[in-house]
Amino acid sequence: MLKNLDKQIHVLIVEDDIFLAEIYQKKFEMEGFKVSAANNGERGLADAIKKKPDIILLDILLPKLDGFAVLEALKKDQTAKDIPVLLLTN
């Protein structure tokens, strides 16, 4: 579903645990994905709307806005509502 040979797939990681975010980022980059990261819900929401990633990995427990609030706002935004989101939790 996410395969597109014309462009590098962009993954947005929204995770406040720096260690986990770096692990995810390194693994995806090793597999050839373009990766952006945000360390709180507000930044993640803003980046998702601005950067239009192909998929979002979204932590549930985040500072400023939790993952559920971010997801709700994304689904209300006409430009971001169709971006697939995977919710993560420790």
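Computed from the coordinates by the stated procedures, all read-outs in this text should not be read as laboratory data. The shown structure was predicted, so the numbers you read here are calculated from the model rather than taken from an experiment. Reconstructed Cβ throughout: ideal geometry from the backbone, glycine too, with neighbour counts over all protein chains shown.
Couple of notes before you dig in:
- Each residue in segment 12-56 was checked for being more than 16 Å from A69 (Cα to Cα) and not β-branched (V, I, T), and 24 of them qualify.
- Those residues of segment 27-73 which are under 13 Å from I9 (Cβ atoms), of a type in the set (G, A, S) and over 10 Å from the mean Cα position of the chain (by Cα), in sequence order: G32
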